[in-house]
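Chemist: So that we are looking at the same thing, I have put the structure below in structure tokens.
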Amino acid sequence: MPMTKQPQVEKQRLPYRLREPFLSSKELALFRVLNELMGDRFVICPKVAVNDVFYILRPNENVHFYNKIFRKHVDFLLCDLQTFKPSFGVEIVKPIVKDNAREADLFMLELFTDAGIPLVHISSSEAYEARDIVTLFQLAATKIGGTAAARVDKVGDTVPNCPECGKMMVLRIYRSGEFTGRTYYGCMDSPKCSGVVSID
């Protein structure tokens with residue numbers, strides 16, 4: 001007796017689809033500028049969940065505070081190349097009209113400032129000027145140096161301004177020579193600017 005062929009049952013797909021694009025045109029434009037400026041100094045992580053960066057003390061007592069960061073992300077997190085310690089947060093924000101900043105933007109600023117991490121607010125745009133970005137980073141780092149001085153545990157947690165051009169400096173390591181392995185601050189605009197600040 002011939003065997004009847006069983007009809008194939010089509011496997012049902014899971015109800016998930018890939019989000020496209022992963023980065024919007026504005027996010028991608030900023031990522032490219034950040035990578036050009038700092039790709040050799042920081043790991044640039046896009047769309048990082050805030051609760052992967054911060055945790056809540058006594059979560060059972062502070063449910064309200066958890067809700068404030070649940071499902072929130074920072075547009076870009078710049079981390080140390082070696083330790084992955086967060087060094088800067090970057091948020092794309094809507095242009096502020098008459099000092100009327102969004103409550104969510106102000107909360108993120110308070111959150112990062114309280115942790116001693118500069119948060120850079122950059123107005124949303126389809127194109128970004130590298131010089132403007134550097135200035136915003138410098139301003140954010142300067143604010144942290146003033147408002148969070150009491151929370152600084154190490155010299156490396158504060159960022160000096162370049163003695164040559166006044167721009168923000170970044171922590172670096174001598175790769176060769178008599179100071180091999182020692183850390184120092186070099187100008188963000190290196191090699192165009194040769195400004196250096198030693199760390200004793």
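The values are calculated or read from the model by the stated rules, or taken from the named source; none is laboratory data. On a predicted model such as this, the values are computed, not experimentally measured, just so you know. Every residue, glycine as well, gets a Cβ built from its backbone with ideal geometry; the counts of neighbours run over all protein chains shown.
Chemist: Exactly one condition in (1) touching a Gly at 6+ places or on another chain (Cβ under 7 Å); (2) at pLDDT 80 or above; (3) more than 29 Å from residue 29 (Cα to Cα) is not met by residue 197; state its number.
Modeler: The one condition residue 197 does not meet is (1).
Residues are listed down the side, and each one gets a yes or a no for (1) crowded, with 19+ Cβ neighbours inside 10 Å; (2) of a type in the set (A, V, I, L, M); (3) touching a Cys at 6+ places or on another chain (Cβ under 9 Å); (4) on the phi > 0 side of the Ramachandran plot:
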site	(1), (2), (3), (4)
39	no, no, no, no
43	no, yes, yes, no
49	no, yes, no, no
60	no, no, no, no
64	no, no, no, no
72	no, no, no, no
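Chemist: Only one of 36, 61, 91 is touching a Leu at 6+ places or on another chain (Cβ under 7 Å) and among the acidic types (Asp, Glu). Can you tell me which? Walk me through how you get there before you give the answer.
Modeler: On the way: 36 fails: touching a Leu at 6+ places or on another chain (Cβ under 7 Å); 61 fails: touching a Leu at 6+ places or on another chain (Cβ under 7 Å).
The match here is 91.
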